[in-house]
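Down below is the structure, laid out as structure tokens.
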Ligand code: ADP
Ligand code: ZN
């Protein structure tokens with residue numbers, strides 16, 4: 001018996017399977033997907049490889065075929081489908097088989113244990129009551145939570161305190177020192193801890209009529225064997241999650257398993273907790289904070305049938321369930337569903353492929369579907385379900401106002417807040433309600449320059465200006481390079497350096513100035529970079545430890561704060577004119593979701609959208625929560641330019657530390673493509689192409705579809721992109737493959753040039 005093995009050595013030239021003999025003693029342990037150890041190359045170096053095929057015969061001289069030395073790890077069985085999926089991904093998105101395998105197959109590495117502390121309360125009931133009363137009087141919110149928790153249950157472990165109550169060890173430490181609690185420590189694996197943080201609270205809701213009809217529709221089609229993907233287009237709080245949970249119940253009852261994709265765990269923490277509450281020990285999750293080893297453990301549990309629901313970001317798609325019945329993809333429009341690493345796959349497309357191959361159901365949902373997904377609904381490729389009212393009736397729709405900031409300026413209001421927003425904020429503060437302010441840039445000032453010579457501080461590793469932060473540092477938001485803000489200009493020595501533009505920290509300063517004494521929290525990449533800090537911020541805000549939450553797009557996603565009645569969107573057009581043809585779609589989704597944040601509880605909400613372009617269709621339709629209106633305009637624009645979903649765009653990214661090698665490669669690649677494209681296909685460059693947020697009236701339209709070279713530096717690596725536009729997707733895949741073959745054969749590219757491909761349709 002022989003095995004075809006993909007060698008674990010990164011090289012395009014090794015992108016083919018090598019044949020090895022399976023020794024009799026290993027026969028039982030090797031299947032497709034097994035990772036094996038083999039001798040490789042002239043010196044027979046011990047090397048790892050992935051088994052991708054088993055075969056009885058080989059065309060090679062048997063004397064030359066070497067033996068597999070050992071089995072490295074094996075999650076035997078389920079990987080066969082994943083290996084096939086990886087093969088498809090490599091061919092479709094443009095990567096070696098090895099890169100694709102590494103994306104779908106978890107690799108076993110060592111798992112380091114974490115410490116679990118079990119706290120036992122030493123206080124009597126009356127003592128606890130007295131402390132609870134004192135804490136209430138003095139507003140010791142953190143300690144109050146501790147005493148209340150232990151009042152209900154005298155023994156609690158650290159991970160339950162941390163995950164479900166947001167109480168960290170630092171709060172417990174002084175209380176332990178005072179002798180109020182005793183501790184017992186043990187080393188456990190974090191993945192074991194995951195299953196103990198659930199707290200069976202979520203009650204199963206009876207579906208309303210609309211939800212029931214969506215559920216019946218999806219299940220009915222499934223019973224008839226119609227496995228087309230389903231799409232639930234439902235406004236925020238229309239009850240989509242409730243429908244997902246009922247679908248999951250149905251699928252579990254048939255003995256099948258469920259994958260639930262969400263953009264990132266911490267952004268949808270509440271959803272995760274609801275699934276836990278409902279399904280308890282049958283659920284697990286993976287997130288980007290788990291180590292490789294911990295992730296592997298999760299996969300083994302799934303593989304062995306210990307859990308049946310896996311919740312996680314796009315990589316959860318590759319969970320090796322034995323009998324997968326359902327893939328749910330919540331917040332389908334989210335950009336996190338596209339991988340930035342080779343192979344740059346779209347989780348939606350791969351989910352479609354995996355579901356189809358296994359005969360499983362794929363159900364997507366969003367309030368603001370991606371243009372491509374909605375286009376698929378309109379062509380009948382997906383079955384569309386609309387849910388356009390809130391699940392819980394009685395909540396009043398929010399008042400949405402668009403404010404033209406040019407008018408404010410004319411009226412002499414130079415502050416960051418329009419007159420209306422200031423009034424609404426004051427009303428909310430008076431009523432003890434809460435406010436969210438959305439500003440999509442972190443830091444204090446956008447860029448910093450010398451008042452005298454105009455010198456701008458730039459990152460030495462990236463073509464990007466540095467952002468000022470209130471901690472006195474200048475920071476590169478791309479690579480993390482930081483320096484203290486100098487007192488004088490390094491160019492001319494002039495002592496006045498100042499910042500321009502704004503960021504979340506500047507918004508916070510403006511809030512303190514306009515509303516002295518108001519308590520604020522910031523949620524952005526800076527404030528959430530520490531572990532669990534995002535949950536901590538969300539909890540603090542939910543517990544009314546602050547009146548105003550200021551944040552980047554992190555705050556608009558899926559959080560449910562019943563006491564937030566005002567949402568201020570400070571610079572609604574900020575992301576509208578970035579150089580990407582998807583900027584309109586992304587802005588629409590951010591604004592629509594932001595607008596959905598206010599007035600989630602019993603109080604009516606108000607949303608104030610501040611902009612310099614109040615008539616822009618993206619802003620108008622987002623304010624009116626009018627997806628159909630937005631789609632019509634955006635689709636017309638995309639169709640006219642043949643952008644996805646009406647054409648396919650292949651971005652070819654050329655990378656090298658040597659800029660001249662990038663330029664040479666761009667010339668060679670464009671040369672090849674120009675010779676091979678047909679009349680209705682075209683090449684575009686970074687400079688003139690898929691940028692183009694085009695206004696509805698046709699302004700801002702650039703239309704010279706010729707290849708140009710635009711070089712950028714990021715983290716000391718130079719890059720340039722070439723865009724290939726084709727009518728059908730298969731052509732783009734075919735041309736890319738031909739290009740790679742030709743480059744491999746001619747060896748025309750410089751030694752240190754790397755290519756990446758990004759396929760969009
Ligand atoms: P979405 O996922 O569309 O944002 P959710 O499923 O989270 O909506 O529902 C919004 C809120 O309404 C949640 O608090 C949920 O518990 C509640 N809810 C949903 N469906 C029902 C129902 N049928 N009966 C009562 N409450 C419901
Ligand atoms: Zn940098």
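Per-residue answers, yes or no, for (1) buried (at least 17 other Cβ atoms within 10 Å of the Cβ); (2) in the same structural domain as residue 678 (by TED's automatic domain parsing); (3) away from ligand 2 (no atom under 16 Å from the Cβ); (4) at pLDDT below 85:
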residue	(1), (2), (3), (4)
695	yes, yes, yes, yes
698	no, yes, yes, yes
703	no, yes, yes, yes
730	no, yes, yes, no
Single residue of the range 1-32 satisfying the filter (under 11 Å from residue 71 (Cα atoms) and crowded, with 17+ Cβ neighbours inside 10 Å) that is modelled with the highest pLDDT
22
Out of 443, 380, report the one residue that is surrounded by fewer than 22 Cβ atoms within 10 Å (Cβ to Cβ) and either under 30 Å from residue 333 (Cα atoms) or in the same structural domain as residue 228 (by TED's automatic domain parsing) (or both).
380
Quick check on this structure: which one of 623, 635 is at pLDDT 95 or above and within 25 Å of the chain's Cα centre (by Cα)?
635
Counting only residues that are more than 10 Å from ligand 1 (Cβ to nearest atom), at pLDDT 90 or above, surrounded by 14 or more Cβ atoms within 10 Å (Cβ to Cβ) and not in a loop (DSSP other than H, G, I, E, B), how many does the range 179-212 have?
1
Leading residue by the ranking (nearest to ligand 1 (Cβ to nearest atom)) among those in the range 457-471 that are in a loop (DSSP other than H, G, I, E, B) and at pLDDT 85 or above:
469
Is it the case that some residue within the range 531-549 is within 19 Å of residue 575 (Cα to Cα) and surrounded by 14 or more Cβ atoms within 10 Å (Cβ to Cβ)?
no
Go through the range 462-499 and give me each residue that's within 16 Å of ligand 2 (Cβ to nearest atom) and over 20 Å from residue 526 (Cα atoms).
463
In this structure, is residue 569 in the same structural domain as residue 415 (by TED's automatic domain parsing) and either crowded, with 21+ Cβ neighbours inside 10 Å or closer than 26 Å to residue 472 by Cβ (or both)?
yes
Run down 497, 522 and say which single residue is at pLDDT 85 or above and touching a strand residue (DSSP E or B) at 6+ places or on another chain (Cβ under 8 Å).
522
Suppose the filter is outside the structural domain of residue 169 (by TED's automatic domain parsing), closer than 30 Å to residue 427 by Cβ and away from ligand 1 (no atom under 16 Å from the Cβ); does residue 510 pass it?
yes
The range 604-621 - residue that is assigned to a loop (DSSP other than H, G, I, E, B) and in contact (Cβ under 8 Å) with a residue 60 or more places away in the chain and, of those, surrounded by the fewest Cβ atoms within 10 Å (Cβ to Cβ)
604
Could we say that residue 404 is modelled with pLDDT of 85 or more and either under 29 Å from the mean Cα position of the chain (by Cα) or away from ligand 2 (no atom under 16 Å from the Cβ) (or both) here?
yes
Does the range 31-84 hold any residues that are in contact (Cβ under 8 Å) with a residue 60 or more places away in the chain and part of a helix (DSSP H, G or I), and which are they?
79, 81, 82, 84
For the range 223-243: of the residues being part of a helix (DSSP H, G or I) and closer than 16 Å to residue 384 by Cβ, which is farthest from ligand 2 (Cβ to nearest atom)?
243
How about the range 326-348: which of its residues are assigned to a loop (DSSP other than H, G, I, E, B) and buried (at least 23 other Cβ atoms within 10 Å of the Cβ)?
331, 332, 333, 334, 343, 345
Flag if residue 363 is outside the structural domain of residue 99 (by TED's automatic domain parsing), surrounded by fewer than 23 Cβ atoms within 10 Å (Cβ to Cβ) and within 16 Å of ligand 1 (Cβ to nearest atom)
no
Sort out which residues of the range 362-416 are part of a helix (DSSP H, G or I) and closer than 18 Å to residue 570 by Cα, and write them in order of number.
405, 406, 407, 408, 409, 410
So which residues in the range 93-118 are part of a helix (DSSP H, G or I) and within 23 Å of residue 324 (Cα to Cα)?
100, 101, 102, 103, 104
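The values are calculated or read from the model by the stated rules, or taken from the named source; none is laboratory data. Just so you know, these numbers come straight off a predicted model, no measurement behind them. With ideal geometry, Cβ positions are generated from the backbone for all residues, glycine too; neighbour counts draw on all protein chains shown.
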